Structures are given as structure tokens and as C-alpha cells.
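Have a look at the structure below, then the notes.
The values are calculated or read from the model by the stated rules, or taken from the named source; none is laboratory data. Computed from a predicted structure; not experimentally measured. Cβ sites come from the backbone with ideal geometry, for glycine too, and all protein chains shown count toward neighbours. Surface areas here come from the heavy atoms of the whole protein model, side chains and all, with no ligands, DNA or RNA. Shrake-Rupley method; radii C 1.70, N 1.55, O 1.52, S 1.80 Å.
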Amino acid sequence: MNWVRSVLVHIFLSLISFAFGIPNELSHQLSGNVKGKIIFHQMEGNSTYLRDSGKLASCIPTVVSFELSDPRHNLHSVTFIYTWDLGNGEVRKGSEPFVKYYYTLPGNYTLKLSIGTNPPQHSRMTGLYSVELTVLDAIRSIEFRGPLIYNVDESSSLSFQVGGSPPAWLCWRVLSDCLTPRPASCNLVRLYRNIFTLNYTFTSVGTYCLDLTVRNNISNLQTSYNIYVQSSPVSLIFILPCAAVIVATLIFISVTVCRPKQQSIMSKALVADKNYLSFTDIELHVKDATIPLG
């Protein structure tokens, strides 16, 4: 129902544009006297999208149709044959002014439509149209690569992997305590690759919300991650030198205090040894002395 409504609205706008001579920038008529234009609709789920900029999403069912310009209804009895060259090596031919298909790979394609009459000699009306298309992969995922815990007051590297075709726009913001400011704002970055790295410094401990929105010409996706910021642990590089200095100081103090005591103990030992030797000599002399007999 939504698709039918979109088609009817677009047909009405197309008739107005042809009536007032508004040029069509998407499809280009190469030759012939059959006037009209080419439009694109893509259906995803219950939604139908009008692609009037030449940008299509890959792997999504697409209906391309030709809207004949016949404001006076002079061509209602003419049967046209439409030959669609989709630009990917596939050619469709039939009497219906539309064709259903989808592109499986992103890239640039040139769609051409050749219009003739059936039988060919009837009215001898022809038309040749060309459309330049850019097929993109829709933004399907935003993957945050990295830990969810960081240290305060340290430069942190936040990396993202975007699933979809660049170029795209990335809008990011970091919310302290997950509180959205009024008015809400974000930092806009142009992506030319699928990987983006953000350097950020968290200034306080707590919980943060990282909000991300990525869009390209045919889709957009929004997501959010919770990040926890903790106090910075003391670095071992700082602890080890301090410990070495403290140990060296203690050793120096111990050596300085204990050295005089050791010297005093050694001196006393030497004196004791001398006294012991003197006493031994006296005893030996006493033993060697001759005692007269009367």
C-alpha cells in the first residue's frame, strides 16, 4: 500500500514537472521523440524509498520504471517495447514500462533504456535514455573495537569499524553520566574509509555514553556504547626506581650504623686475646721455675 501511494504521488509530481517544463536531472534522453523519465523505488521491509538522486542500495529489491509524458493522452493506443540494459551485463526486454531487479555489488553503473513501438513501423516512435547510477552498501553495523574501560586523564584511542559503503558522515559525542546536553550537538567527521580512530581524553572518573550516528547517501544507523573510566593505576616504571632508591638508602644507613659497633667488638676481642696470651706466659714461667730444696 505504501509503495502504491509513493508511485501515485511521484506520478502526480512528474506530470506537474512535465507540464511546467521542469528538467529531469537524473535520466538523460539521448535520442528519439518518446518523452518521459526514469524513476527508481527500493523496498526494504514495509518501507518504500524513492531514489531520485541516482544513488541505490545494493542487495535491495529495486523497481525501475519509465513514466511516459503524454499530457494530452495521444499515445494510449500505442504499444511500446522497453529494452533495459542494467549496466551489469544483464538485459531485460518486455512491454511493461518497469522492471524489477537489484544490484549485488557496490559500484558505478550506467543504465540504458531503449524504447520502440510494436509493431516497429507503428508511429515510428523511439526513445533512448541513460542514467548514471552509484550503488552503495547500506550502513548495517558500527562496531566499536577496543576495551570498554579506560583510565582518567590519559589519551585514549577509540576505533570503529563501519559496515557500509563510504563516503559517509560520522557524528559522534561523548556524554558524561550519559546525560544529553540541551541543545544536543555532535562532532561531524567525513569518512572515506570503513575504519575511524578517535583520540579522546576522559577528564573524570565515571560512566560515559558514546553516541554514534553514521549515514551515507542511501542509509543511516545510530548506536551507543557505555564506557567506564577508572582512576589511573600507579605505574611500575615509577615504582621500581623509587623502591631501588629506598633500598639503597636503607643499606647505606645500616652499613653506617653497624660499622662502629663491629670495630668496637673487634677491638675488645684483640685486647682479650692479648690478656689471654700474657696470662699464659706467666703460667708457663711459673711451671718452668726451679724450687730449691731446703
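Are there any pairs, at least 6 apart or on different chains, whose C-beta atoms fall under 7 Å, with the first in region 168-193 and under 12 Å from residue 212 (Cβ atoms) and of a type in the set (Val, Ile, Thr) and the second part of a strand (DSSP E or B) and open to solvent by 60 Å² or more (accessible area, probe 1.4 Å), and if so, which?
174/200
What are the residues in region 27-57 that are outside any strand (DSSP E or B) and either open to solvent by less than 50 Å² (accessible area, probe 1.4 Å) or under 23 Å from residue 163 (Cβ atoms) (or both), if any?
Those that are outside any strand (DSSP E or B) and either open to solvent by less than 50 Å² (accessible area, probe 1.4 Å) or under 23 Å from residue 163 (Cβ atoms) (or both): 34, 45, 46, 51, 53, 54.
Run down 117, 83 and say which single residue is at negative phi, surrounded by 12 or more Cβ atoms within 10 Å (Cβ to Cβ), at pLDDT 90 or above and out of contact with any Cys (no Cβ under 9 Å at 6 or more places or on another chain).
So the residue among 117, 83 that is at negative phi, surrounded by 12 or more Cβ atoms within 10 Å (Cβ to Cβ), at pLDDT 90 or above and out of contact with any Cys (no Cβ under 9 Å at 6 or more places or on another chain) is 83.
For region 128-179, name all the residues that are more than 21 Å from residue 224 (Cβ to Cβ) and in a strand (DSSP E or B).
Those that are more than 21 Å from residue 224 (Cβ to Cβ) and in a strand (DSSP E or B): 128, 129, 130, 131, 132, 133, 134, 135, 136, 151, 155.
Is one or more of the residues making up region 121-139 touching a Phe, Trp or Tyr at 6+ places or on another chain (Cβ under 7 Å), over 19 Å from residue 34 (Cβ atoms) and open to solvent by 20 Å² or more (accessible area, probe 1.4 Å)?
No - not one qualifying residue is present in region 121-139.
Which of the residues belonging to region 180-228 are part of a strand (DSSP E or B), polar (S, T, N, Q) and touching a Lys or Arg at 6+ places or on another chain (Cβ under 7 Å)?
187 - this is the single residue of region 180-228 that is part of a strand (DSSP E or B), polar (S, T, N, Q) and touching a Lys or Arg at 6+ places or on another chain (Cβ under 7 Å).
Determine which single condition residue 29 fails, assuming it passes every other condition in (1) in contact with a strand residue (DSSP E or B) (Cβ under 9 Å, 6 or more places away or on another chain); (2) at pLDDT 90 or above.
(2)
Starting from region 138-149, keep only residues that are under 20 Å from residue 173 (Cβ atoms), then list their pairs with residues that are open to solvent by 20 Å² or more (accessible area, probe 1.4 Å) and assigned to a loop (DSSP other than H, G, I, E, B) whose Cβ atoms are within a distance under 7 Å, requiring at least 6 positions of separation or different chains.
Filtered contacts from region 138-149: 139/219.
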